[in-house]
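Following: one structure in structure tokens, then a few remarks.
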Amino acid sequence: MSNHKMLATALKDYKGKILSTSEIKTITLKFFPQFSEGSILPNDHAEGNNCPCSCAGTERRIFNKIDRGQYLVR
């Protein structure tokens, strides 16, 4: 399963909520303990990162960046 799919699956019940990066990591690792914590990069699934997921900046993105370390789950 891709990083994108794991994040989307773990956070599906949080749509509309603003979460911090640490909250996103905690939730994701609860669902997928094998997920490398260093690979949980919310900004890759929003927009503005150097090496983003193909979803970044599209309607498929998982997050809207609200502020540094704060993301709205879409």
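The values are calculated or read from the model by the stated rules, or taken from the named source; none is laboratory data. No experiment lies behind these values; they were computed from the predicted model shown. We place every Cβ from the backbone using ideal geometry, glycine too, and count neighbours over all the protein chains shown.
Select from the stretch 1-43 the residues that are of a type in the set (K, R) and surrounded by 17 or more Cβ atoms within 10 Å (Cβ to Cβ) and list them in ascending order. I'd like the intermediate steps shown before the answer.
In the first step, residues of the stretch 1-43 are kept if they are of a type in the set (K, R); the result is 5, 12, 15, 17, 25, 30.
Within the stretch 1-43, just K25 meets the criteria.
Out of I40, I27, one residue alone is out of contact with any strand residue (DSSP E or B) (no Cβ under 7 Å at 6 or more places or on another chain), modelled with pLDDT under 95 and β-branched (V, I, T). It is I40.
Among residues of the stretch 22-34 that are without any contact (Cβ under 8 Å) to a residue 12 or more places away in the chain, none has a beta-carbon under 7 Å from a residue that is assigned to a helix (DSSP H, G or I) and surrounded by 18 or more Cβ atoms within 10 Å (Cβ to Cβ) at least six positions away or on a different chain. The condition (being free of Cβ contacts under 8 Å to residues at least 24 places away in the same chain and over 10 Å from the mean Cα position of the chain (by Cα)) is satisfied by just one residue among G16, G69, G57: G57.
For the stretch 44-54, name all the residues that are surrounded by 13 or more Cβ atoms within 10 Å (Cβ to Cβ), farther than 14 Å from S2 by Cβ and more than 9 Å from the chain's Cα centre (by Cα). Matches in the stretch 44-54: E47, N49. Residue check: K15 meets all listed conditions (1) in contact with a Cys (Cβ under 9 Å, 6 or more places away or on another chain); (2) of a type outside the set (F, W, Y); (3) at pLDDT 95 or above but one, namely (1).
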